[in-house]
Amino acid sequence: MRSSLVCLLVLPAAGVPCLAQGPCSSWVQVPTLNPGLERNGFIDADAGDGPVFALLRSTDTAGSGAIPTYHMLGRDGSGWTDLGEPDQNSGPGIPVWHAVAVAPDGSIWVGGHMQPEPFATAEPAVSMYDPGSGIWSTPENIHLMAQTGDPFGDRGGTISAMDIAPDGTLFAVGNATGFGGTGNDGSVPLFLVHDGSGWTEIADPNFDWPGGGVGAGISLNDVIALSSDDVWAVGRHPAGDGVGAGGLLMHWDGSSLSLVVDPRVGNTLFIDRELGGIDAAGPDDIWVVGDGSAAGGPTATLAHYDGSTWSLAASPYPSVDALDHVVIAQDGSIWSTGVFADSLEAYFDGSGWSLQAFAPEPQVRVQAMVRDGDGVLWAFGDINFADSYAQALDCASSPCPADFNDDGTLDFFDVLEFLSLFTAQSPAADINADGEFDFFDVLGFLDLFAAGC
């Protein structure tokens, strides 16, 4: 059984020191507020170690030219609260928000960019919600380092994702215009750090990206801060030098930003695959998901880091799919889906990945997956590009851990399912989570079965 699997004391039993938590229950749709305009859809969410907060974007017309408004919805107990619009205070330009991060002190950050006046530079921007006052701060433009070559002009960019370390250090990633070169139509990864006193851009203009210098399409899509000196970011690097565009993986150690896997120098782990999402149970248990390979490789990227080595897991998808989100549940199971793969989600039970329907609502797009402080998984998105939705999966508790066939009833078929998993040495049948399949697991199952639901 994976070391990160949480072992919960469900029933005291002689010879069974600790009973592993059973599988998650089913996804259920949770009604959400639609406080905005006609067309509503969630675009990001975060929970930290507490309640979940989701950012809603709404417009009154279809199309990218529609001026959006934004609302932050917070889950409080059994209902939702509208925390208002992050851009309710006047600021320079029109804010476009993409990312949410919840700090340990309960403050909520949104990040994106400020759409400027014509011919001005679009700069990264943030706004912060103070839970004490209930007020959003005036959107703040983040000024980036100037170009290091001709024409030595200002640089712009946008924030795509944010995360906050346990000590409160805020990390924001995305893409920015590059360094030097006439016209400078390329881009570099955007990596920003806020330590409580101000913003610092962490960048190395000497990164030898394919094509030389900077490249079109480079971006960081997601970030996770295990600590202020252990931060991982994933995204996409550009094509060039005979190498197709592919996955980008970077690490911050508190003093420098480095390319962890360089797909141009013989390591083909992420060739031709954009990386979309990352989550971790700890520094030695990290999962990254992304696109499939157009070159005939795996149909979706599912990569794992064990503290020293990255490896690819076999994808359960029969055709190429793009995975954008991954979240590790409290029971150690892992769930992944994407904007264009959400009719089927990938599920890891500790031994391998499989597919299952993402029920009950047939989504159009899943835009965020998070786990709240109670262990409940949340998926946010929209239906028909017009109506927002949230779905929840309770992984915090197992209402009927002996219901191995998950039909809501304890009977002979659950015994057969347990015996089948036990014979196959599936982690689900390692009831006492000791890595062995023996008589104590059988005793543990019988105790659970006798306890009923």
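Worth pointing out:
- In the stretch 166-185, of all residues being assigned to a loop (DSSP other than H, G, I, E, B) and surrounded by 21 or more Cβ atoms within 10 Å (Cβ to Cβ), the one that is modelled with the lowest pLDDT corresponds to Phe179.
- Considered as a group, the residues in the stretch 66-84 that are of a type in the set (A, V, I, L, M, F, W, C) and in a loop (DSSP other than H, G, I, E, B) include one that is nearest to Val100 (Cα to Cα), and that residue is Leu83.
- Phe404 at pLDDT 85 or above and either surrounded by fewer than 20 Cβ atoms within 10 Å (Cβ to Cβ) or at negative phi (or both): no
- The single residue among Arg57, Arg75, Arg39, Arg2 that is under 27 Å from Gly282 (Cα atoms), basic (Lys, Arg) and at pLDDT 70 or above turns out to be Arg75.
Okay, residues lined up against (1) under 22 Å from Ile43 (Cβ atoms); (2) at pLDDT 95 or above; (3) over 14 Å from the mean Cα position of the chain (by Cα):
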position: Asp222; (1), (2), (3): yes, yes, no
position: Asp229; (1), (2), (3): no, yes, yes
position: Gly244; (1), (2), (3): no, no, yes
position: Ser258; (1), (2), (3): no, no, yes
position: Val265; (1), (2), (3): no, no, yes
position: Asp272; (1), (2), (3): no, no, yes
position: Ala280; (1), (2), (3): no, yes, no
position: Ala294; (1), (2), (3): no, no, yes
position: Thr309; (1), (2), (3): no, no, yes
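The values are calculated or read from the model by the stated rules, or taken from the named source; none is laboratory data. Please read these numbers as outputs of a predicted model, since none were measured by experiment. Note that each Cβ is placed from the backbone with ideal geometry, even for glycine, and that neighbours are counted across all protein chains shown.
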